[in-house]
């Protein structure tokens, strides 16, 4: 609509009104030109064009704010998931529990992507798969040389459009992929591998269609760090726990382990209605060996005896160094005849032990042993050990180098 | 005048000026240039088939050009060596000034009130 013959003052008022509306934020306001094609119309045209630019800029800014807000929300979501993963991993008591957490959490965090976590075997010559999700196809083990990330010690991204330097362990490429070494305490413990399916999107898979965006890659790096650290800490904890329960001289379990195990075994046996056995053994005249040949020779003999005890054990038997030259063997689900036979075998193997110290033979040792059965010879953990101990000293008194069975508990044992 | 491409429905006409070696676009009196008109005029110039030639746009009687049209003139991938904007009225001067000032053109653009001066300048920008 154009206006032809309005007075000049009215037309200037219209320009002022338009400017006021725009200044108040009404950026959709526009002025109406006259047919005069004069300076006032030129100003009106200029203001209209400026208003168009401002409106467009505002729309563009609002869109960018929306995009950025969505990005922040996504980032916030990722951080929450990462925190959740970290909390769960910290709550894990064992590495197997951690694998379960990794399996569940990474499948959720990287839904729509295929992926796998590989960890080094103890031999460190291959990595084996510990967790996998999505439609990943590939072998369950890989050699470190098959992965560029492991070879270079840094993340390796492959664009599906230019799949140069694709890792050999990737047998079927469905899209972009990334390999991230999992490192903690300066050591690489494994590999996190992710791939999207933008080349071959499945039609029906729930959650399909996710892309390996920069944000996902950053999340994967953080996940890799958290997971590697948690696994390393659990390994360290296991190692320390093991060290705390092992006797450093012989490598056998120690007395602390016996105390932990036997309480659990009493409860388990009460529940199952079966028995467990205890062999309490002591090296005869060991003090003499120490005094005559020195403590080094004594330690050497103790290690050899421990090896002999260990070699006479069967799966499930738990040999321990109870103190000094005293050994204790815990045997689950056993009856008295078998227990007596195992103790006798133990005694005879120790009797066959021969060691040398500084080129000189150390005299062979004999073993006295007492055996007791729970609940036959004691109704508690301590009473069954006491019963075996009493049987041991009865064996000593009877001339040593022999096995003696505990006396059946008397009525005083019932409390 | 050389070959001519005129779309009768459109508020402009486009032709090739053989003597000057430029494409010419002349907007009709009171013409309003929206996105559709901008696209049609650019396409008509390209259809002349002279590639990246100088272009003279006579917008002396144009009354309005909206933002989408301005964006199209700025971002259209069509080739052009240089553009002379021929203006006359206060409104056409404002439109031309706004386009030159606000838009980032990929080619030389200049505003003229004198046609022969515009042709001389365009002649200097022949590729």
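Just so you know, all these numbers are worked out from the coordinates, no wet-lab data involved. Quick caveat: nothing in here was measured; it's all calculated off a predicted structure. Please note: Cβ atoms are built from the backbone with ideal geometry, for glycine as well, and neighbour counts cover all protein chains shown.
Summary of computed values
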read-out	value
Cubic angstrom per residue, convex hull over Cα atoms of the range A:48-203	170
Residues A:377, B:50 arranged by fewest to most Cβ contacts within 10 Å	B:50, A:377
For the range A:153-205, alpha-carbon Rg over 2.2 N^0.38 Å	1.30
Where only alpha carbons of the protein assembly as shown are counted, the Rg and the Dmax (Å)	45.4, 137
Proxy reagent accessibility, fewest Cβ within 10 Å first, across A:218, A:368	A:218, A:368
nm² value of the averaged projected area, convex hull over the Cα atoms of the range A:347-415	5.8
Alpha carbon Rg of the range A:299-401, scaled by the compact-globule rule 2.2 N^0.38 Å	1.11
q = 0.13, 0.16 Å⁻¹, the range A:1-125: log10 I(q)/I(0) [Debye, one scatterer per Cα]	-0.71, -0.88
Inter-probe distance in nm under a simple model that places probes 7 Å from Cα toward Cβ, at residue B:127 and residue A:366	11.1
Antiparallel %, DSSP beta bridges [both residues in the protein assembly as shown], to 5	75
For B:122, A:88, order by how many other beta-carbon atoms lie within 10 Å, fewest first	A:88, B:122
P(r) of the range A:240-379 over all Cα-Cα pairs, binned every 10 Å from zero, in whole percent	12, 41, 32, 13, 3, 0
Viscosity 0.692 mPa s, temperature 37 °C, Stokes-Einstein D of the range A:178-322 from Kirkwood C-alpha radius, µm²/s	159
The range B:5-121: equivalent-ellipsoid semi-axes (sqrt of 5 x gyration tensor eigenvalues, Cα, Å)	18, 16, 15
Average beta carbon contacts from partner chains per residue of B:87-99, 10 Å cutoff	5
Convex hull projection area averaged over all views, the range A:121-164, Cα basis, nm²	4.1
Proportion of all alpha-carbon pairs of the range B:56-127 beyond 15 Å (%)	52
